[in-house]
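The values are calculated or read from the model by the stated rules, or taken from the named source; none is laboratory data. Note that the structure is a prediction, hence the values are computed from the model and not measured. Using ideal geometry, Cβ is built from the backbone for each residue, glycine included, and neighbour counts are taken over all protein chains shown.
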Amino acid sequence: MLIQQGNRTLNKMYMEILQEIEKQAISREKPNSIEFINLTKRNDYKYNGYFKDYASEVISKKPRIDILKLGIEFSQPLPQRLTQLHSYILKENRDSLNFYIKRVYLELSNKSFNSSDKLLQEVVFEKVKENNEEKLEVKFNMLISNGYQTYEIDTDYDEELKGELPQPLNKEILDGKLWTWSKIPLPLKQDINSDGTVNNQDIVWMVTENYLIQNSGEVLTPKFFISNNFKDPFSLIKEVAIESIVFIRKNDNTNFFKRNIDVVGTFDIILNLTKQVALSISGVLSGSEN
């Protein structure tokens, strides 16, 4: 069930002429879940980021959609109106082990004419009994897929047993702009080298770039926040967005993803929902909510 949606048009990073259409929605596909969806639609794609050597691998003149899904699942069904969530918990006086978060996940993916890449990260809370007492056990899962191959990341990797991993790399030189990059080794649970063992050679690299941009597509600097006289935080939020780019590379520096994932996200719909919840809470405090 789609309960709220919105959109914003932004120029691509570095002031390109072509525009990106960013659409957002909050969905209730399950009665116990809330899912935030952010779509970035492009008629074609040209990569202009930091890793210039990767550009030819991802350029495309075909339409593509990059998708961000951020979701949360609870142990029990939620009220139909999200603005009633706080009063639902308070009035029912829920025990933390009866009403709790079961799963939080972040999924990044793309859809284009010949690829469907996906990166999924999730935190799962499971109820377990220990010494006749119930408690919540936390597990972190991560997987990657290029539409043909799917691998699980070993989030409990033991370097003493399987060997030391390469050191991650990240941006160290300050250039006055609000952006960053990183290269992080991800150990896999599968023997992708087919050598009969799973060790520190069975890895891929997650290469990321994150940019804080304004609606024009220009990368922001701290001066933007100082020189612009914003009347309130809401006005500021309407002017900025985040661009996140993800490559998954093999250990030989070839692309595991068929393309890359390049999502432009804003806070618009979350801002609108926050305002609604705040008004609802105000109604509860004043005794005006039914």
LYS62 - would you say it is exposed (fewer than 15 other Cβ atoms within 10 Å of the Cβ) and either modelled with pLDDT of 80 or more or under 20 Å from the mean Cα position of the chain (by Cα) (or both)?
yes
Any residue that is part of a loop (DSSP other than H, G, I, E, B) and within 19 Å of LYS52 (Cβ to Cβ) - is there at least one of those in the stretch 206-218?
yes
Top-ranked residue in the stretch 172-182 [being under 24 Å from the mean Cα position of the chain (by Cα) and in contact (Cβ under 8 Å) with a residue 24 or more places away in the chain; ranked as farthest from ASN200 (Cα to Cα)]
LYS177
Quick check on the stretch 7-39: of everything there that is assigned to a strand (DSSP E or B), more than 17 Å from ARG64 (Cα to Cα) and among the hydroxyl-bearing types (Ser, Thr, Tyr), which residue is modelled with the highest pLDDT?
SER33
I'm told VAL123 meets every condition in (1) modelled with pLDDT under 95; (2) more than 17 Å from ASN251 (Cβ to Cβ); (3) of a type in the set (Val, Ile, Thr) except one. Can you identify the failing condition by its number?
(1)
Qualifying residues in the stretch 144-164 (those that are part of a strand (DSSP E or B) and farther than 15 Å from ILE203 by Cβ) - the one nearest to the chain's Cα centre (by Cα):
SER145
Which numbered condition LYS52 fails, given (1) modelled with pLDDT of 90 or more; (2) surrounded by fewer than 13 Cβ atoms within 10 Å (Cβ to Cβ); (3) more than 23 Å from VAL219 (Cα to Cα):
(3)
Counting only residues that are surrounded by 15 or more Cβ atoms within 10 Å (Cβ to Cβ) and touching a Lys or Arg at 6+ places or on another chain (Cβ under 8 Å), which one in the stretch 153-178 is nearest to ASP262 (Cα to Cα)?
ILE153
Are any residues in the stretch 183-222 in contact (Cβ under 8 Å) with a residue 40 or more places away in the chain and loosely packed, with under 13 Cβ neighbours inside 10 Å, and if so, which ones?
SER216, PRO222
Kindly indicate whether THR155 is closer than 30 Å to ILE226 by Cβ and touching a residue at least 12 places away in the same chain (Cβ under 8 Å).
no
